[in-house]
Structures are given as structure tokens and as C-alpha cells.
Amino acid sequence: MTRVRSERFGELTGGARVDRWVLRSPQTEVEILTLGCIVRAVRSRDRDGRAVDLVQGYEDLEGYVSDQRYFGAVVGRVANRIAKGRFQVERKEYQIDTNNGPNAIHGGLRGFNKAIWLAEAVDGGVRLSHTSPDGDQGYPGEVQVSVTYTLQGETLSAEYQAHSTRTTPINLTNHSYFNLAGHDAADIYGHEVSINAQSYLPVDHTSIPTGDVRAVVDTPFDLRKPVLIGPRLKELPGPGFDHNFCLASPGDLWAERYAARACHPASGRVLEVSTSQPGLQLYTANFLDGSVAGKDGARYQKHSSFCLETQNWPDAVNQPLFPDSLLRPGEEYRHVTRFTFTTISA
């Protein structure tokens with residue numbers, strides 16, 4: 001059985017209150033903030049029964065208010081990148097703010113990660129909802145969106161839903177940074193990672209997909225079997241993984257499927273991910289540099305964590321052969337992702 005409670009976490013300038021929701025099962029404890037739908041903490045035991053927090057983040061509210069790394073947040077309207085912040089919907093051109101070099105990323109300058117969401121308890125969890133007005137960050141249509149987090153034993157589920165008054169691109173995901181050795185561990189080099197994908201998306205020098213869908217075989221992106229992440233990072237031409245792995249083809253969407261597994265053999269902790277999304281972005285914290293103080297005063301460095309962002313393929317709104325990313329009036333956007341935290345014996 002999961003116990004659910006809420007408490008005040010802090011107050012923004014102007015008086016808006018931010019709450020922390022705590023979901024606790026016999027195996028796992030999760031903290032959710034109403035600011036940005038942020039997963040602030042996930043506490044899970046190792047093979048010896050020692051529980052530690054596995055996600056990076058901040059000690060207090062101010063850290064999340066000023067955060068530019070999207071620690072634990074739900075990002076949108078459109079997660080990942082849109083080339084040059086431009087797209088066309090129903091023959092109309094839209095230009096949104098660019099906040100990642102020449103491109104737009106994770107919804108814009110003030111995306112869903114900075115909104116205070118309304119929260120209500122549900123069986124085993126919390127449902128958070130938000131209204132994004134027509135024109136928000138330059139996107140068309142008023143969007144009603146909700147994210148429901150539930151905890152059952154060792155599994156944290158996130159169910160996303162949205163409706164729009166006008167046709168708009170949408171692509172929601174959670175941006176938690178995991179380290180199965182603990183949020184304050186130095187690096188992830190001792191983790192083993194596998195992703196259930198036959199292909200990935202090559203990117204240009206600004207991390208926009210080129211349009212090609214390339215087989216992973218005989219490349220450093222072949223993660224179909226578990227690989228030790230430290231040596232594999234050395235084989236990549238860039239600073240680390242920041243790539244979409246194709247879990248499904250454009251014609252084979254929306255069935256929930258096994259997506260990825262990460263294991264920290266030293267502690268025995270395992271994270272398994274399933275999703276109904278067609279893509280998964282593996283990001284290895286390539287641009288953390290220790291400049292920001294995290295929880296317990298930790299300084300998060302490059303390659304100190306990894307993200308498994310279940311999503312539509314990046315820049316899909318500009319790529320006609322990618323899965324459709326448009327939400328139309330009368331349609332429902334819906335997908336589910338599950339994170340399961342277990343252990344293996346020595």
C-alpha cells in the first residue's frame with residue numbers, strides 16, 4: 001500500500017505556494033513538487049537494504065526557481081529541440097524563442113518546468129494539472145495538460161494527458177537525472193546500460209536530427225545488450241550521449257513496451273523503464289560542471305548522472321518522416337512511462 005501526503009515546500013516571490021507531495025510504499029519513496037511537476041527525490045534500497053536518494057536536484061525552492069538544467073522536471077510543450085525555433089502548423093509559420101544555441105529546447109524560456117501545477121490526491125499518488133494559454137511561449141492553442149504520478153511497490157508511473165483548442169505540437173517528458181549509486185556519487189562510469197532500440201537518430205553539430213534513421217549495429221550506439229557506460233563514453237565523438245533511440249517506427253506507435261535498463265553492480269540497484277512513447281533520449285549530463293550546489297551541498301559534475309527521457313523523436317514537427325507530433329482539437333494526447341527500481345544479488 002502507498003501512503004500519500006503533502007506539505008508546504010516553499011513560497012515564490014509574490015506569495016505563490018509550492019507544495020511537496022510524498023509517495024511512500026514499503027519499497028520506495030518519491031517526492032513530487034507542484035513547481036514543474038518535479039521529481040525531487042527517489043529513495044530506493046540497495047542489496048543490503050540501505051536507502052539513498054537516486055535523483056539529482058536542489059535542497060530548497062530557490063534552487064529550482066533559478067534552475068536551468070531541468071532537474072527532475074516535466075518539460076514542454078515540446079521536450080527536446082526544435083530546429084531554429086521554427087515550425088509550420090496548418091500553413092502558418094511560428095517562431096518561438098531559441099534557448100539552446102540556434103534552437104529551441106524543452107518548451108522555451110519559461111516552459112512547463114517553471115509553472116506551478118494544481119495538485120490533487122489520487123489512489124496511490126498525485127495528479128497535477130496545468131493550463132497553458134493560447135500563445136504561451138509562442139505556441140498556438142490553449143492546452144489543458146495533466147500528469148499523474150502513482151507509486152505501486154517498486155514502480156513509479158507517470159501518465160500524461162493533454163487537449164488543445166488549436167492544432168499544436170506537443171511532446172512531454174520527465175527530465176530526472178539518475179545515479180543509482182546515489183545523487184551525490186561522482187560519476188556513472190560503473191553503471192551498465194541497455195536500450196531496446198534497433199536504430200538511433202544521428203544529429204548535426206547543434207544536436208538537431210539530420211533526418212536519417214540509422215541502425216545501431218556496429219556503432220557505439222548499440223546498447224541492445226548491457227554495456228559499461230564509462231568505456232562506451234570514450235568511444236563517442238562528442239562529449240557524451242545526447243541522442244534519441246528509436247523504440248518504435250512511425251507506423252508502430254503507442255503500445256507500451258520495454259525501453260531501457262540501468263544497473264549499478266556495486267550496489268545492486270537496477271532501474272527499468274517501459275513506455276508507450278516511440279523514442280528515448282539518453283543524456284549523460286555532458287554539460288554539468290560543478291558550478292551549482294545541489295542537495296546536501298553536492299557539486300554535480302560532468303557524467304555524474306544520466307537521463308532516460310521517454311519522448312517523441314526530436315524536431316518531429318519539422319521532420320515529415322518522423323512520428324506525428326501534432327495535437328489537434330478533439331484529440332487526446334496520452335502516454336505512460338514506468339520507472340521500476342529493484343536490486344540484484346552480488
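Taken together, the values in this text are just the output of simple stated rules run on the coordinates, not laboratory data. The structure presented is a predicted model; accordingly, all values stated were derived computationally and were not measured. Using ideal geometry, Cβ is built from the backbone for each residue, glycine included, and neighbour counts are taken over all protein chains shown.
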Among the residues of region 105-136, how many are more than 30 Å from T28 (Cα to Cα), surrounded by 13 or more Cβ atoms within 10 Å (Cβ to Cβ) and more than 20 Å from the chain's Cα centre (by Cα)? 2
If a residue must be surrounded by fewer than 19 Cβ atoms within 10 Å (Cβ to Cβ), in a strand (DSSP E or B), out of contact with any helix residue (DSSP H, G or I) (no Cβ under 8 Å at 6 or more places or on another chain) and of a type outside the set (K, R), how many such residues does region 301-339 contain? 1
Any hit, region 86-104, residues being of a type outside the set (G, A, S), touching a Ser or Thr at 6+ places or on another chain (Cβ under 7 Å), surrounded by 16 or more Cβ atoms within 10 Å (Cβ to Cβ) and over 27 Å from G330 (Cβ atoms): yes
Only one of Y70, Y139 that is over 24 Å from E331 (Cβ atoms) and touching a residue at least 60 places away in the same chain (Cβ under 8 Å): Y70
Among (1) closer than 13 Å to Y64 by Cβ; (2) without any contact (Cβ under 8 Å) to a residue 40 or more places away in the chain, G14 falls short only on (1)
Flagged pairs (Cβ under 7 angstrom, 6 or more apart or on separate chains; first in region 304-332, closer than 17 Å to V143 by Cβ; second assigned to a loop (DSSP other than H, G, I, E, B) and basic (K, R)) are P329/R166
For region 49-74, enumerate the residues that are buried (at least 17 other Cβ atoms within 10 Å of the Cβ) and of a type in the set (K, R). R69
